[in-house]
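Each remark here refers to the structure printed beneath this line.
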Amino acid sequence: MTAGRLLTGVFALLTPIAASAGAQAPLAQTIAPGDIVAAMIAQAYRTGNDATIQAVIGVAKATFPDQAVEIDRLAAGNAAVLANTRRDDRLREEARIAAATFFEIWKGELEAGASRSTGSTRTVGIYASAKLNRDGLRWRQRFNGRLDYQETNDVATTERLIAAYQPNYKWNDSLYSYGLVQYERDRSLGYLNRGTLGAGMGYVAASGVSRRIEIEGGPALRRTDLVEGGQETTIAARASLSARLTLSPTLSLTQDAAIFVEVNDTTAASTTAIDTRLIGALKARFSYNVQYEQDGGTRGNKLDTVTRATLVYSF
């Protein structure tokens, strides 16, 4: 917290006290320093913001160093009240979640974009995706779907589809087990259909209002229908990374990546995105997507990249 913002917060805390003292009498002559400190600390705890609380306590101790013991006593009393309030809020939220039906407490986002060009080359492209998340007391369920399609001169040049469902069982706030059911279609990377069944463990490496990092790993069974004909059934090792960082109230950065390592094949996908809030729940997204297929057989290695701008609606 900068000095300017800190002083602004302290003045805001003192304003109600000054107003109650009357406009004609100086604040120092009508209110004892101890009352000022008590009011500052009480108001800080009412905000429920830990950074504000620590900042106000620091200012109070720096301003009245001889009252440090009394400041700690006031802070401890207000902290107990805040802890009880937070506990009651948590219990109410847990009760609400426990009573919710399967179709309730879902959150997510819808993303869409399109392009069209005419002239010597005619292209039409559409992009759409959906992310849904239901966070229960023990179970978290996630659904992701994405469609990327483009035609050039009436010939499909991009035909990419992915849909995935992932249930998680939360052992504690950091550790969870996951299952995975996933379907993919991408002719440009050499396969008509690919189904994946997987399971493993996940770990929340960082969690907070401004950031969240999750790491997952485990085995997977994959069956692929190839464009040139034939099928492949393989066992793979899967690893994934999901990260979110809030840079400002209107700007955030996300990173989603997954890799499957097989005996003769390695596939990887990564999406890096920057979101900027527009109006209400509507955001603009600028993203960079990488799809990689490393094949030890006859298909060869393939790499596709896409940079796009889309609109996102969160709910």
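The values are calculated or read from the model by the stated rules, or taken from the named source; none is laboratory data. Source: prediction; values computed, not measured. Neighbour counts are summed over all protein chains in view; Cβ atoms, including those assigned to glycine, are modelled from backbone coordinates with ideal geometry.
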Practice problem: Please find, among 258, 273, 243, 309, the residue that is at pLDDT 90 or above and over 26 Å from residue 166 (Cα atoms). | Solution: 309
Practice problem: Looking only at the range 90-101, decide whether some residue is touching a Ser or Thr at 6+ places or on another chain (Cβ under 7 Å) and surrounded by 11 or more Cβ atoms within 10 Å (Cβ to Cβ). | Solution: no
Quiz item: Restricting the range 128-165 to residues that are over 21 Å from the mean Cα position of the chain (by Cα) and among the hydroxyl-bearing types (Ser, Thr, Tyr), which is surrounded by the most Cβ atoms within 10 Å (Cβ to Cβ)?
Solution: 158
Quiz item: So, in the range 276-304, of the ones that are more than 21 Å from residue 222 (Cα to Cα) and not in a strand (DSSP E or B), which residue ends up modelled with the lowest pLDDT?
Solution: 280
Exercise. Tell me, please, whether a residue that is on the phi > 0 side of the Ramachandran plot and among the small types (Gly, Ala, Ser) can be found in the range 139-151.
Key: no
Exercise. Give the residue that is modelled with the highest pLDDT, with candidates limited to residues of the range 133-183 that are of a type in the set (Gly, Ala, Ser) and outside any strand (DSSP E or B).
Key: 174
Exercise. Output the number of residues of the range 145-179 satisfying the condition of being free of Cβ contacts under 8 Å to residues at least 24 places away in the same chain and aromatic (Phe, Trp, Tyr).
Key: 1
Practice problem: Report yes if some residue within the range 305-312 is more than 19 Å from residue 185 (Cβ to Cβ), in contact (Cβ under 8 Å) with a residue 12 or more places away in the chain and within 16 Å of the chain's Cα centre (by Cα); otherwise report no. | Solution: yes
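Being hydroxyl-bearing (Ser, Thr, Tyr), surrounded by 11 or more Cβ atoms within 10 Å (Cβ to Cβ), outside any helix (DSSP H, G or I) and not assigned by TED's automatic domain parsing to the domain that holds residue 46 is the requirement here; does residue 120 meet it?
Values: hydroxyl-bearing (Ser, Thr, Tyr): yes; surrounded by 11 or more Cβ atoms within 10 Å (Cβ to Cβ): no; outside any helix (DSSP H, G or I): yes; not assigned by TED's automatic domain parsing to the domain that holds residue 46: yes.
Considered against the rule, which asks whether it is hydroxyl-bearing (Ser, Thr, Tyr), surrounded by 11 or more Cβ atoms within 10 Å (Cβ to Cβ), outside any helix (DSSP H, G or I) and not assigned by TED's automatic domain parsing to the domain that holds residue 46, residue 120 comes out as no.
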Quiz item: For the subset of the range 247-271 comprising residues that are surrounded by fewer than 16 Cβ atoms within 10 Å (Cβ to Cβ) and part of a strand (DSSP E or B), which member is farthest from the chain's Cα centre (by Cα)?
Solution: 261
